[in-house]
Amino acid sequence: MNNVKAVILAAGRGTRMRSDLPKVMHTVGSSTMLGKVIGSLKDAGIKDIVAVIGHGADLVKSVFKDEVQFVEQKELFGSGDAARSAVDTLGDFDGNVLVTCGDTPLVTSETYKKLVHAREEASASCALLTCKVDDPFSYGRIVRDAAGDVLKIVEENSAGRDEKLIREINVGTYCFNGRDLRKHLKSIAINEKKKEFYLTDIVGILNTDGARVVAEFCAAEEMIGVNSRKDLAKVNSVLNEKTILRLMESGVTVIDPANTHIDENVEIGKDTVIFPHTVIEGDVKIGPNCKIGPFARIRPGSTISGNVEIGNFVEISRTTIGEGSRVKHHTYLGDAILGRKVNIGAGTITANYDGKQKHRTVIKDEAFIGVGAKLVAPIEIGKGARVGAGSVVTRDKNVPDGATVAGVPARLFEKKTKS
Ligand code: UD1
Ligand code: CA
């Protein structure tokens with residue numbers, strides 16, 4: 001998208017979160033609220049992004065310094081004041097200025113694009129993103145005239161009785177013409193009740209000035225603005241539902257979607273079954289025809305081939321598992337590489353961390369690890385090798401292909417030869 005600059009309003013205190021963390025740094029999926037907003041703007045093809053920051057500015061800057069420009073809002077006098085802080089960075093830019101909030105992480109890149117097109121098509125001063133919801137409480141309401149044209153936005157605390165009944169709400173995302181935005185931001189007066197400048201007042205101001213304002217609808221699942229922990233849980237649950245739906249549509253069985261958490265970038269092959277209470281995080285890839293869970297946790301950096309079984313109370317972290325392997329009960333595998341058809345007995349633990357560094361465990365094709373074994377990394381278990389139940393295989397005592405080891409510490413099991 002050419003001729004578009006974006007401004008993210010992200011300076012707010014987030015008082016209702018009751019948190020030491022700046023609101024926009026709270027986790028959404030495998031990212032943060034602000035990370036999601038930046039990601040969607042970039043996916044829409046917008047390169048020029050300014051984030052207005054204030055509360056917790058140092059942390060926000062340190063995390064996103066390579067991704068966007070920053071403007072600091074000195075004192076937090078509301079969304080109108082935040083937008084004013086950013087306009088200087090726009091110079092005399094006369095194209096599309098997409099203004100969005102750092103706390104509406106579910107607005108998609110498609111919607112951002114649609115909003116820009118809506119403004120361009122209507123040659124309007126402003127295209128406003130709105131949504132019809134069942135419970136409009138706390139959102140700005142969209143007031144239209146008898147002809148259906150947008151007149152103004154009224155905030156919850158200024159809305160009259162009839163206005164409170166309006167179910168069309170302001171999502172907090174707007175596409176302005178740069179010149180008109182600069183000109184009319186100056187006219188926003190302070191809201192005496194809250195001692196804040198409301199960006200939303202600009203819609204009424206534009207109308208009074210005879211400028212054109214149009215509205216574009218978005219899906220209800222995109223509009224949630226996060227002001228509280230309750231909203232945050234809602235956003236994460238919407239995102240989870242969306243991911244699980246995508247996976248189900250591509251041929252994955254998820255037995256109990258409400259009790260399964262899967263991050264949005266996870267890839268899963270068809271006919272794999274995910275049992276309840278499973279958590280799959282980050283950039284995990286899982287092949288076809290696997291059985292995962294119940295109560296499994298697959299963490300970032302893990303790749304699982306097809307026909308693999310991962311059962312209850314198994315944690316897999318930064319681990320690769322080959323075709324047809326089985327890890328069925330009470331196991332931790334960290335920084336491990338498993339070959340094909342490996343069998344991991346119940347309660348096997350890789351001791352991958354020595355307090356300073358993480359080390360690798362390699363378990364080759366068709367190896368058999370007995371119940372309750374501890375594998376102290378770095379360690380390599382050879383092809384077709386067997387580790388006896390309860391053994392502790394100590395670091396660097398690699399087990400050769402086809403060998404059997406057992407005991408604490410594990411020793412090579414010598415077959416008795418006839419004398
Ligand atoms: C705002 C809108 C409301 C809309 C809702 C959508 C206003 C006045 N109201 O309400 O119409 O329905 O979002 O979620 O804009 N911010 C700053 N600096 C400030 C104050 C706020 O950068 O001084 C940022 C916040 O970080 C936030 C955004 O502006 O990202 C909106 O502020 P917030 O206080 O969350 O407004 P809402 O009450 O949610
Ligand atoms: Ca908000």
Seminar exercise, completed: Magnitude of the Cβ-charge dipole (Lys and Arg +1, Asp and Glu -1) of the chain about the Cα centre, nearest 20 debye, reported as 1820
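Using R₀ = 25 Å, calculate the FRET efficiency as 1/(1 + (r/R₀)^6) where r is the Cβ-Cβ separation of residue 133 and residue 183; round to 0.05.
0.20
Rounded if a/c is under 1.5, else prolate if a/b beats b/c, else oblate: with a ≥ b ≥ c from the C-alpha gyration tensor eigenvalues square-rooted, which is the stretch 4-223? Don't skip to the answer; put the middle values down first.
Working: a/c = 1.39, a/b = 1.26, b/c = 1.10.
Judged from the Cα gyration tensor, the stretch 4-223 comes out rounded (a/c under 1.5).
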Exercise. So how far, in whole Å, is the C-alpha centre of the stretch 269-324 from the one of the stretch 42-82?
Worked result: 37
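Which of the peptides 164-171, 96-103 is most tightly packed, and how do the rest follow, judged by the mean count of other Cβ atoms within 10 Å per residue? The partial results should precede the final answer.
Numbers: 164-171: 18.2, 96-103: 25.8.
Ranked from most to least packed, the peptides come out as 96-103, 164-171.
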Problem set entry | Over 25 Å (Cα to Cα) - which of 5/65; 285/341; 132/285 fall in this group | 132/285
Exercise. Under a point-charge model restricted to the Cβ atoms of Lys and Arg (+1) and Asp and Glu (-1), what is the dipole moment magnitude of the stretch 89-235 relative to its Cα centre, in debye to the nearest 20?
Worked result: 300
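Keeping every protein chain in place, order 114, 341 by accessible area at 1.4 Å, biggest value first, i.e. largest first. Let's see the in-between values first.
Details: 114 100, 341 125 Å².
Final ranking, largest accessible area leading: 341, 114.
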Seminar exercise, completed: Heavy-atom accessible area of residue 126, protein chains in place, probe 1.4 angstrom, given in Å² to nearest 10, is 0
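Please work out the average accessible area per residue across the chain, using the 1.4 Å probe convention, and give it in Å².
Details: 19810 Å² over 419 residues.
The answer is 47 Å² per residue.
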For this session: Mind checking the full-extension length gain between residue 227 and residue 264? Use 0.36 nm per residue of separation minus the Cα-Cα distance, one decimal, nm.
Result: 11.1 nm
For this session: Treat the stretch 204-272 as a sphere of radius equal to its Kirkwood radius over Cα pairs and apply Stokes-Einstein at 25 °C in a medium of 0.890 mPa s; give the translational diffusion coefficient in µm²/s, rounded to a whole number.
Result: 165
Seminar exercise, completed: Of the candidates 78, 165, 300, the farthest towards the positive dipole end of the chain (Lys/Arg Cβ +1, Asp/Glu Cβ -1, centred on the Cα centre) is 300
Seminar exercise, completed: Between the modelled labels at residue 19 and residue 283 (7 Å from Cα along Cα→Cβ) the distance in nm is 2.4
Problem set entry | Dipole of the chain [Lys/Arg +1, Asp/Glu -1 at C-beta], most positive-end residue of 87, 50, 17 | 17
For this session: Would you mind getting me the FRET efficiency between residue 220 and residue 398? Use the beta-carbon distance for r and R0 = 51 Å, nearest 0.05.
Result: 0.35
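So how do 176, 93, 77 rank on accessible area, 1.4 Å probe, biggest first, that is with the largest at the start? Before the final figure, lay out each step's value.
Details: 176 0, 93 35, 77 80 Å².
The ordering from most to least exposed comes out as 77, 93, 176.
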Exercise. Convex hull volume of the Cα atoms in the chain, per residue, in Å³?
Worked result: 156
Exercise. Taking a probe of 1.4 angstrom, what is the accessible area of residue 314 in Å², to the nearest 10?
Worked result: 0
For this session: Could you tell me the accessible area of residue 137 in Å² (1.4 Å probe, neighbours in place), rounded to the nearest ten?
Result: 130
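Show me the ranking of peptides 193-200, 68-75 by mean Cβ neighbours inside 10 Å, starting with the highest.
Numbers: 193-200: 17.6, 68-75: 15.8.
Put in order of decreasing packing, that is 193-200, 68-75.
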Exercise. What value, in deg cm²/dmol to 500, does the helix sum -39500 (n - 2.57) over DSSP H runs of n ≥ 4 give at 222 nm once divided by the residues of the chain?
Worked result: -6000 deg cm²/dmol
Exercise. With no solvent and one point on each alpha carbon, what is the Debye value of log10 I(q)/I(0) for the stretch 229-412 at q = 0.11, 0.16 Å⁻¹?
Worked result: -0.47, -0.88
Problem set entry | Inter-probe distance in nm under a simple model that places probes 7 Å from Cα toward Cβ, at residue 413 and residue 27 | 4.1
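The values are calculated or read from the model by the stated rules, or taken from the named source; none is laboratory data. What you are looking at is a predicted structure, and each value in this text was computed from that prediction instead of being measured. Neighbour counts run over all protein chains shown; Cβ positions are idealised from the backbone, glycine included. Side chains are part of the model used for accessible areas, which takes the heavy atoms of the whole protein and leaves out ligands, DNA and RNA. Shrake-Rupley method; radii C 1.70, N 1.55, O 1.52, S 1.80 Å.
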